[in-house]
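S.K.: Structure below; questions to follow.
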Amino acid sequence: VSYYVNNVLQGYVLEPPYIFPWNTLLYLDDHYSIYVIVRDMSNNLTTVPPVNVIIDNNLQNDVTPPTGSIVSPPAGLTVSGSVDIIISASDNRAMDQVAFSIDGTYIISDDEAPYHYSWDTTLEEEDTEHTISVVLIDLAGNESPLNPISVFVDNDPAGDITPPIVLITNPVAGQDLTGTVSIEVLAEDDFGMDRVEFFINGDSVHTDTSDPFDYIWDTETVTDDMDHIIAVVGFDLDGNATLAPPIAVYVDNFDNIPPTGQIQNPVAGQTVTGTITIEISATDNIGVEHVNLSIDGIPRDTLTTFPYTYEWDTTSETDDEDHVISIIVSDSSDNITYVPPVSVFVNNIIDDITPPVASISNPLSGQTVSGTVSFTVQAVDDFGVDNVEFFIDGESIGTDDTESYQIEWDTTPLENDSQHTLSAYVTDNAGHTTIVQPILVTISN
């Protein structure tokens, strides 16, 4: 039999009775663990479970009580829930245990440092003071009662009449929503939140009891293309409630709003010639996909990019007739809009039967002239003047095709006091000619 003290071999006993003398005077006063290992002739082993003993060779002389203090909680503290009562304790020899009492009633003892007791204050009378008492006991049985302390137990704070702060942080009022949306709420209270209830259009849809307070809302479960009201109510632990300012949001999961459009050029009833630019405005709440352009019901082009324009050669159309420009605007959701058509008159071959109107504006009839004179004709026509030919005494002296129509006439070769007749022919773009009323002038060089 092998004898061990605190895992250290002390000696062997080979024959019965198996008794081993242990001189405790060689050891300090303290706790010790003793165990033995028994070995048979075939070398099989058995370990005998240990026993714990205390060496105290001077018990009769230990009259010094232990010392210590209540470390936590401090006196006068308001406590709730589970509270750790922590004790500091020491002795000149060795501590045995620390005894805990609440309101004079013994509760428990702790014989291992650190000495403490987890006190469930919810089992005590509410809203009143309670006394914690502690007695320190050493191995010699000396006792030291510590100064008791009082604490106030308040597990259900009374008088909480302040409602919580509750605010919808997402989405924001007026926002357009589609698909699944997280409704997020800020909720705070001095003594803690109990729950937040979520409402859509006045109907309760969800209750959340933990922070962060939110609700995942599938907007496809409500009517599309409408405003919907989101409201939340927050409740604190005492039942005080706050209704957050409700917000209105617009649910638009399906684009059923058609685009808009207009033919901006040309305008209805306009007479057009040559190549003109057809200009179109087109808008949509989501986006314009394309604009289909037709003339007289025949598709001409599909316009896909802004600006939506088309160069139309009117000379390829039947002349002297009305022609209808029409467009269809399509958006990215296949909504279409038939824009009111525009009718225009194509007139590339001008039927001008009206001659121009003209008169000699300088010099004046009956005027006496000298030197070089600016012979000027004022001429206008519905479709344009082609040229003006100038005559002196029936003889042509030149033409001008640019407004203002004039030619410089040198009178110095002519005799003084002689009279001369000035006239002009004005021809328009259609070949019509107007003979201007002649005038008579006198030379005086």
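S.K.: If each residue's Cβ is checked for other Cβ atoms within 10 Å, how do 93, 195 rank with the fewest at the top?
M.R.: Ascending Cβ contact count within 10 Å gives the list 195, 93.
S.K.: Would you mind checking the radius of gyration and Dmax of region 172-314 based on alpha-carbon positions, in Å?
M.R.: Every Cα atom of region 172-314 included, Rg and Dmax give 26.0, 84 Å.
S.K.: So how do 111, 252 line up by other beta-carbon neighbours within 10 Å, fewest first?
M.R.: Going from sparsest to densest Cβ surroundings: 111, 252.
S.K.: Here's another thing I want to ask about it. Dipole magnitude of the chain about its Cα centre, charges +1 at Lys/Arg Cβ and -1 at Asp/Glu Cβ only, in debye to the nearest 20?
M.R.: It comes to approximately 1740 debye.
S.K.: Pull up all non-local amide H partners of residue 290: gap of 5 or more, or a different chain, and H-to-H distance under 5 Å with H placed in the peptide plane.
M.R.: 330
S.K.: When the C-alpha atoms of region 109-257 are aligned to their principal axes, what extent does each axis show, in angstrom, from largest down?
M.R.: 94, 32, 19
S.K.: Right, another one. Can you find, among 260, 109, 76, the residue sitting farthest towards the positive end of the charge dipole of the chain, where Lys and Arg contribute +1 and Asp and Glu -1 at Cβ?
M.R.: Towards the positive end, the residue furthest out is 109.
S.K.: So what's the net charge close to residue 334: Lys and Arg +1, Asp and Glu -1, counting the other residues with Cβ under 10 Å from its Cβ?
M.R.: Net charge around residue 334: -3.
S.K.: Calculate how large, on average over all directions, the projected area of the Cα convex hull of region 300-445 is; give the answer in nm² to one decimal.
M.R.: 12.9 nm²
S.K.: Still on this structure: Taking the structure as given and computing Cα extents along the principal axes in Å, which label from (i) 60, 56, 42; (ii) 160, 55, 41; (iii) 176, 61, 52 fits?
M.R.: The value computed from this structure is option (iii).
S.K.: Let me ask something additional. Using Cβ counts within 10 Å as a stand-in for footprinting exposure, how do 380, 185 rank, fewest first?
M.R.: By the 10 Å Cβ count, ascending, the order reads 380, 185.
S.K.: Under 10 Å, Cα contacts only: if you run a Gaussian network model on the chain, which one of 317, 415, 197 comes out with the highest mean-square fluctuation?
M.R.: Ranking 317, 415, 197 by mean-square fluctuation puts 415 first.
S.K.: Additional query: Just to be sure I follow: if Rg is taken over the C-alpha atoms of region 239-355 and Rh is the Kirkwood radius over the same atoms, what is Rg/Rh?
M.R.: 1.31
Rule-based calculations on the coordinates, nothing more; no lab input. Because the structure is a prediction, the values reported are computed rather than measured. Counting neighbours? That spans all protein chains shown, and the Cβs are built from the backbone with ideal geometry, glycine included.
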